[in-house]
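For reference, the structure discussed in these notes is given below.
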């Protein structure tokens, strides 16, 4: 994995759930990422969606831009 960002994704039951956007450089599956995160965080913070992207948009100062990320893969 080269880069990753977590944003909220709409959910009917919970209102919003964690969604991770990942730039990979190898053989990583969505199931691998979700299992790794689940072992490290509280149950309410488990990743529910994984989206593989080519790059994560960033501002000039290096912060990732949330709006394009939230709209990615809708």
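Please treat every number below as a calculation from the coordinates, not as lab data. Small disclaimer: the values here were computed from a predicted structure and weren't measured. Reconstructed Cβ throughout: ideal geometry from the backbone, glycine too, with neighbour counts over all protein chains shown.
Summary of values
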read-out: Hits in the range 29-50 - residues which are surrounded by fewer than 13 Cβ atoms within 10 Å (Cβ to Cβ) and not in a helix (DSSP H, G or I); value: 29, 41, 42
read-out: Of all residues in the range 34-50 being in contact (Cβ under 8 Å) with a residue 24 or more places away in the chain and out of contact with any helix residue (DSSP H, G or I) (no Cβ under 6 Å at 6 or more places or on another chain), the one that is nearest to residue 3 (Cα to Cα); value: 49
read-out: Condition check for residue 67: surrounded by fewer than 14 Cβ atoms within 10 Å (Cβ to Cβ), within 15 Å of the chain's Cα centre (by Cα) and not in a helix (DSSP H, G or I); value: no
read-out: All positions within the range 51-62 that are without any contact (Cβ under 8 Å) to a residue 12 or more places away in the chain and either surrounded by 10 or more Cβ atoms within 10 Å (Cβ to Cβ) or in a strand (DSSP E or B) (or both); value: 58
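Residue by residue, here is whether (1) free of Cβ contacts under 8 Å to residues at least 12 places away in the same chain; (2) touching a strand residue (DSSP E or B) at 6+ places or on another chain (Cβ under 6 Å); (3) surrounded by fewer than 12 Cβ atoms within 10 Å (Cβ to Cβ) holds:
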residue	(1), (2), (3)
2	no, yes, yes
5	no, yes, no
9	no, yes, no
13	yes, no, yes
21	no, yes, no
27	yes, no, yes
